[in-house]
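Nothing in this text is a laboratory measurement; each read-out follows from the coordinates by a stated rule. What you see is a predicted model; the values in this text were computed from it and never measured. Heads up, the Cβs are rebuilt from the backbone with ideal geometry, glycines too, and the neighbour counts pull from every protein chain shown.
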Amino acid sequence: DQQVKQNSPSLSVQEGRISILNCDYTNSMFDYFLWYKKYPAEGPTFLISISSIKDKNEDGRFTVFLNKSAKHLSLHIVPSQPGDSAVYFCAWTGPGGFKTIFGAGTRLFVKA
Amino acid sequence: DSGVTQTPKHLITATGQRVTLRCSPRSGDLSVYWYQQSLDQGLQFLIQYYNGEERAKGNILERFSAQQFPDLHSELNLSSLELGDSALYFCASSLSIGGRGETQYFGPGTRLLVL
């Protein structure tokens, strides 16, 4: 069964520097990976996605890298801003989209 | 504002009781998803409905049930509640059947506390 692991519960970064959030998965069969951001007292909001046929996707300050051989993906935020402080979830969507599996999340603190 | 509404925002009840959580999807969205987030846990997928029909099932307990009505709003029914059911319950909606990286839009959640 698919597992999505975000092994770092929290990350602290200085404003202006790069934030790197990591995600590992077990099942090679997947459709897409998505990243969601969550502020306290709000639901998660979609940030960026990457399909299984790509190894990189970029949207402004956010870039996701996919390393299929290592079953690993990472979200890079450059430059980090205090408003980026939130919990970031990595989510796997299986073939056909029958299920979405979320990681446990990484709490990012961006210090001014 | 995602356009997804959930009621109530907070719910406090006792063990053994039954509660109903309600979700209204974004206008035009046909899929509704339910997730459970326990303390310091990720979001656990419970169930998805598409245009009134159950489409996918996750780790949903038999004590839990859901449905999607003709107007596309959805309800999640939790019965014989246990202390461990205390969690945040999120509803999300998407435009179509899901998959292919389709974005899910999340409501603000219902916080359930079982005493």
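The distance linking the stretch A:1-68 with the stretch B:36-71 is 23 Å (Cα centroid to Cα centroid, whole angstrom).
For the stretch A:36-53, 3J(HN,Hα) computed residue by residue from phi via the Karplus equation (6.51, -1.76, 1.60; θ = phi - 60°) reads 10, 10, 9, 8, x, 6, 10, x, x, 10, 5, 10, 6, 9, 8, 8, 5, 8 Hz, glycine and proline entered as x.
Taking other residues whose beta carbon is less than 10 angstrom from the beta carbon of B:SER80, and scoring Lys, Arg as +1 and Asp, Glu as -1, yields -1. Using the Cβ-Cβ distance between A:SER69 and B:ARG100 with R0 set to 30 Å, the FRET efficiency works out to roughly 0.80.
Electrostatic tally near B:TYR49: other residues with Cβ closer than 13 Å to its Cβ, Lys and Arg +1, Asp and Glu -1, net -3. In the stretch B:1-79, Cα pairs under 8 Å separated by at least six residues give a relative contact order of 29 percent. Any idea what % of Cα-Cα pairs in chain B are farther than 19 Å? In whole percent, the share of Cα-Cα pairs in chain B beyond 19 Å is 39. Distances between placed amide hydrogens fall under 5 Å for A:ASN27 paired with A:GLN3, all partners being 5 or more residues away or on another chain. Each listed q (0.07, 0.13 Å⁻¹) maps to a log10 I(q)/I(0) for the protein assembly as shown from the Debye sum over equal C-alpha point scatterers, namely -0.22, -0.75. Subtracting the Cα-Cα distance of B:ILE60 and B:ASP1 from 0.36 nm times their residue separation leaves 18.5 nm of extension gain. Taking 7 Å steps out from each Cα toward its Cβ at A:ALA41 and B:HIS73 produces label points 2.4 nm apart. Per residue, the average separation of C-alpha pairs within less than 8 Å and at least 6 apart gives the stretch B:73-115 a relative contact order of 47 percent. Based on C-alpha pairs under 8 angstrom that are at least 6 apart in sequence, chain A has a relative contact order of 37 percent.
Straight-distance candidates among the lysines for linking to A:LYS54, with alpha-carbon spacing under 30 Å and chain neighbours fewer than 8 residues away dropped: A:LYS5, A:LYS37, A:LYS38, A:LYS68, A:LYS71, A:LYS99, B:LYS57.
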